[in-house]
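The values are calculated or read from the model by the stated rules, or taken from the named source; none is laboratory data. Computed from a prediction, not measured in an experiment: that's the story for all the values here. All Cβ positions, glycine included, derive from the backbone under ideal geometry; neighbour counts span all protein chains shown. Quick note on the areas: whole protein, heavy atoms, side chains included, nothing else; ligands and nucleic acids left out. Shrake-Rupley method; radii C 1.70, N 1.55, O 1.52, S 1.80 Å.
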Amino acid sequence: MNRIFYILLFLSFCTTGRATHNRAGQILYRHISGYTYEFTITVFYYSLSPATKQRIDQGLPVSWGDNSTSQIPCIQKEIETLPDDYTKCIFRTSHTFPGPGVYSIVMADPNRNVGIVNIPYSDNVVFSVKTIFKIDPNFLANNAPELLTYPIDRAALGQVFIHNPSAYDIDGDSLSYELAICTRERGVEIENYSYPEASDSLVVNAVTGDLIWASPVKAGKYNVAMKINEWRSGVKIGSIARDMQIEVVDSKNRPPVLPDFPPVCVEAGTKISLSIHVTDPDNDRVVLTATGGPFQMTTDAAELKTTNSQPGFMDAVFSWQTNAGHVRKQPYVVLFKAEDQNSEVKLVSFATFNITVLAPKVKNFTAAAGKKSIMLHWNPTECTYAAGYEVYRSIGSNTFEIDSCAGGIPAGSGYEKIAAVNGIANTDFEDTNGGKGLSPGINYCYRIVVYFSDGAKGFPSEESCAVLLGGTPPMIRADAETIDAAAGVVNVAWLQKPIEDKLVGKTGPFEYRLYFTNDMNANNWTLLDTKSFGDTTYTHSSIDTKTKYPYYYKVELWDTDPANTGLVDDFETASTLYPVLQPSDQSVIVTFGRYTPWLNTEYEIYRCAGSGADLCDPVDLVGRTNRETYTDAGLKNGQKYCYRIKSFGYRNTDVGIFNNQNWSHVACVTPVDNVPPCAPELSGHSVCAESRNVLDWTYEAISDTTCMEDVEKYRIYFSIDNKQPYVKIDSVMNRDTRTWSHKGTMKGCYYVTAVDSAGNASQGSNIICLDECGAYALPNVFTPNGDNINDIFKSYNPSGISKVDMKIFNRWGKLVFKTSDADINWDGRDIDSKKFAPSGVYYYTCDVYEERLTGSQIVSLSGFIHLYYGKDAQPYVE
């Protein structure tokens, strides 16, 4: 039925007068359910053309890209008559697709309006627009961005012209913009199209969407196309090709002047108020309007109020009361449009205002310590559609500068994410350090961050800290006084005074039992000594403190009453201090290993090198820190360095503060280059005509401990669909070469790693997936006259096409040619008579079997072929 429909449509176009009426248009969609989407096609017609009424009455033909077509009705009540002979028509319907895939939705309607300067013989050129979107189970509920500015505008000769589509994505997806070529039937680019001539340039800002024409040099009507790309999680999921018409008039009028507005980032619940002052150089009155997401909100929508309007200037106030329902990762874009009221031509200026709304911090956050864990509690977030909470932990208190535009907790803040709590009703978390237990004597500090499914994060909570509850007796020292393989000494001490309340109701006598172990998991204890009550120190001597460490100690207080023998209370454990060394490139990262019930507030780091260094008398103080790690930089790779630490700590008891100092054991290490380079930033595009994908990446080397400058090469990884495993397919051996082509394919996913001279590979770059080319296309002109130029009707870019089902009909509907060959290769002969077909216009239908990221799919093409032989209009005769 679809074939018959298009053949009849073709015949009707052959017998109807020139339908020169299309001026601009676009195709948008929204998700209904499952694989069903609603499509809205907005077309701007030339009001005075009789074809406009015909199209309104008959409806609009659309190809869905799934081997089906429809005739979409015009919504009569949404027809709008506009100035300058524009009629806006809305065509709307729903369509259910067969399953996941990449679909090209094409509307093609003969013909464009007459006199378009940059499209020769425009009244003979079919008008078409194309929207490509991806149905993926991961991104099923996707909607096209709303385009709130009409694709029609006027410009003044010699004046900079700016137009913005005012795109707003209700799903919060990222958008990018690019200049494109207007298309004809099947959504194929017009071969002899040219961009409008400019005195300087015609560009589209990829981030803001501003189309900037600086400046028109000839009056007349022009058509330009803009591609609006939609991205989610780094994957391109849709593309809208918008065809717009600009009329350039000869006028001395100059556009109004709008100020620039810096972006703002606010906490949900903040009221934004922005004063706007617009001037006009020609003293015209100015009308200011605004579009964008904040005006589309169902609650607390934004407002724009004019406060003063005079010839030559006007003042207005933009206000928006944000709320918890406005939080999302992508910024809201408000587009201000200032239009002067000049009698010759009304010119406009645009300015954008970006607003990021972040979730407010959770309130009433507390951390309560137990003996082995810390319990966290907070109030539920006000953002009812948040996904949950992230829990961050720091050793000791940390302050940092909050990025009010990114939210969350920045890298390098000293905080580590330890858990994600799903669901906003879950507002409790017990930190047991993943079941391994927390260390006593450490001030654990926490913050909570609200997170969302789109990746948005709220402001971090206030900090809340806690230290595990102590045992009996309180331990205050485990000092590795002497480092030796046989004559080592460790001094151990504890307190007695704070424990009297534990003895109430007990008769005694009491004694201390001191145990030790070298087991890193603090198991397999050995009784070291029994001490009488009141004796609170012990010297553990003649031991190996050079090769065996750390030493763990525990002191148990026992009631030895024969009638009631047993532990008085939970004991505490304390270990000696020991350096944990991580070799790095020309540096050593020192971590202070210990398990102590007291708080260490500062560490002195001593370094020694050379012969006998492993005994390391503290001869070289290299640094102090109050953090749990220290980086000793400026070292030589391949040379041995040894370290010993001195800690300064305290513990707070009911009877006062007890300060202590403890020496560590000695540890040695040799620095080595094990620091990978930074990950590259990857981008890419397809060169459809050459059947290849081009990758480009940037690499900014930074001289610090995490990213070095010695990049030597890059590795390219590929997956056919981002679901199959990635495999290395090539290496670029020159560090200064940052582009690479993958020939023979136009689909697939990639990432790149940087590799340094020591063989360290960076993390993978961002993943990009390329599936941009509806690579297969057909010409619309064919001249089989024997001059060896265009004698064979062939397809463009048949690579990646397994087969086609091509049928060509003459104007009476007779089949004159068919093939399954992707190259087509029609020599112009009739399939039955074997004679050359006469000059004329032919209609074709073609099912193309393409391999895309989402698998094999059928793309349906249809259109017209103009066959002619030259001036004599005679077929070639062999």
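How large is the charge dipole for the chain, taken about the Cα centre, if only the Cβ atoms of Lys, Arg (+1) and Asp, Glu (-1) carry charge, to the nearest 20 debye? Before the final figure, lay out the partial values.
On the way: 77 positive and 101 negative charges, 359 e Å.
The calculated dipole for the chain is roughly 1720 debye.
Give me the percent of the accessible area of the range 55-103 that comes from carbon and sulfur atoms, probe 1.4 Å, all protein chains in place. Don't skip to the end; give the middle numbers.
Numbers: 940 of 2040 Å².
About 46 percent, which is the carbon plus sulfur part of the accessible surface.
Which of rounded, prolate, oblate describes the range 97-230, given a ≥ b ≥ c as roots of the alpha-carbon gyration tensor eigenvalues and a/c under 1.5 marking rounded, otherwise prolate only if a/b is larger than b/c? Present the calculation step by step, with values, prior to reporting the outcome.
Details: a/c = 2.65, a/b = 1.43, b/c = 1.85.
Here the range 97-230 falls in the oblate category.
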Exercise for the section: Any chance you could list P(r) for the range 463-581, counting all Cα-Cα pairs in 5 angstrom bins from zero, rounded to whole %? Expected result: 2, 11, 20, 22, 17, 13, 9, 5, 2, 0, 0
Problem - Compactness of the range 362-458, expressed as Rg and Dmax over alpha-carbon positions, Å - result: 13.4, 39
Fill in the blank from the handout: Once 391, 203 are ranked on solvent-accessible area with the largest value leading and a 1.4 Å probe, the list reads 203, 391
Problem - Separation of alpha-carbon centers, the range 156-172 and the range 46-78, rounded to whole Å - result: 26 Å
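For the range 790-843, what % of the accessible area comes from carbon and sulfur atoms, probe 1.4 Å?
Working: 1500 of 2750 Å².
It is 55 percent, rounded to a whole number.
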Handout entry: Ranking by accessible area, most exposed first, for 821, 479 with a 1.4 Å probe
Key = 821, 479
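Express the Stokes-Einstein translational diffusion coefficient of the range 631-772 in µm² s⁻¹, to the nearest whole number, given a Kirkwood radius over alpha-carbon pairs, 25 °C and a viscosity of 0.890 mPa s.
On the way: Rh = 18.6 Å.
The estimated diffusion coefficient comes to 132 µm²/s.
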Exercise for the section: With an 8 Å cut-off on Cα pairs and a minimum separation of 6 or more residues, tell me the relative contact order of the range 150-278 in percent. Expected result: 30 percent
Handout entry: Enclosed volume per residue, in Å³, of the convex hull spanned by Cα atoms of the range 38-110
Key = 90 Å³
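Compute the accessible area per residue over the chain, keeping the other protein chains in place, probe 1.4 Å, unit Å².
Working: 38110 Å² over 878 residues.
On a per-residue basis, the chain sits at 43 Å².
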Practice task
Would you mind telling me the share, in percent, of accessible area of the range 295-377 contributed by carbon and sulfur at probe 1.4 angstrom?
Solution key: 47 percent
Handout entry: Debye log10 I(q)/I(0) for the range 273-382, one point scatterer per Cα, at q = 0.19, 0.21 Å⁻¹
Key = -0.97, -1.08
Fill in the blank from the handout: Probe 1.4 Å, all chains present, heavy atoms only: residue 32 accessible area in Å², nearest 10, is 80 Å²
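For the full complex of protein chains and a 1.4 angstrom probe, list 271, 728 by accessible area with the highest value first. Can you show the working numbers first?
Details: 271 135, 728 110 Å².
I get 271, 728, largest accessible area first.
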Completion exercise
Per the Kirkwood formula over distinct C-alpha pairs, the hydrodynamic radius of the range 187-302 in angstrom is 18.4 Å
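Provide the gained length on full extension for the span residue 796 to residue 582, in nm with one decimal, where the gain is 0.36 nm per separating residue minus the Cα-Cα distance.
Details: separation 214, 0.36 × 214 = 77.04 nm, distance 5.81 nm.
So the chain would gain 71.2 nm between residue 796 and residue 582.
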Practice task
Would you work out which of 168, 385, 330 lies farthest towards the positive end of the dipole of the chain, given +1 charges on the beta-carbon of Lys and Arg and -1 on that of Asp and Glu, about the Cα centre?
Solution key: 168
Exercise for the section: Determine the calculated [θ] at 222 nm for the chain from helices alone, applying -39500 (n - 2.57) to every DSSP H run no shorter than 4 residues and normalising by the residue count; nearest 500 deg cm²/dmol. Expected result: -1000 deg cm²/dmol
Practice task
With Rg/Rh (Cα atoms, Kirkwood Rh) in mind, check [x] 1.17; [y] 1.03; [z] 1.12 and report the label derived from this structure.
Solution key: [z]
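Below 8 Å, C-alpha to C-alpha, sequence gap of six or more: please give me the relative contact order for the chain in percent.
Values: 2399 pairs, mean separation 62.4, N = 878.
It rounds to 7 percent for the chain.
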Fill in the blank from the handout: P(r) of the range 724-817 over all Cα-Cα pairs, 5 Å bins starting at 0, rounded to whole percent, reads 2, 8, 14, 15, 12, 10, 8, 7, 8, 6, 5, 3, 1, 1, 0
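Give the dimensionless ratio obtained when the Cα radius of gyration of the range 23-74 is divided by 2.2 N^0.38 Å. Don't jump to the answer; show the numbers that get you there.
Values: Rg = 12.9 Å, N = 52, 2.2 N^0.38 = 9.9 Å.
Normalised Cα radius of gyration, the range 23-74: 1.31.
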Exercise for the section: Identify, among 514, 467, 482, the residue whose Cα sits farthest towards the positive end of the charge dipole of the range 464-520, taking +1 on the Cβ of Lys and Arg and -1 on the Cβ of Asp and Glu, with the dipole about the Cα centre. Expected result: 467
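On a 21 Å Cα-Cα criterion, which of the cross-link pairs 271/329; 723/747; 814/834; 305/457; 221/252 come out too long?
Details: 271/329 19 Å; 723/747 13 Å; 814/834 14 Å; 305/457 32 Å; 221/252 18 Å.
Checking Cα-Cα distances, 305/457 exceed 21 Å.
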Practice task
Can you find, among 676, 97, 412, the residue farthest towards the positive end of the dipole of the chain? Put +1 on the C-beta of Lys and Arg, -1 on that of Asp and Glu.
Solution key: 97
Problem - Rg(Cα) / (2.2 N^0.38 Å) computed for the range 550-697, rounded to two decimals - result: 1.69
Handout entry: Overall Cα dimensions of the range 62-164, principal axis frame, Å, largest first
Key = 49, 32, 29
Handout entry: Mean Cα-pair separation over length for the range 208-308, i.e. relative contact order, pairs under 8 Å, 6 or more apart, %
Key = 18 percent
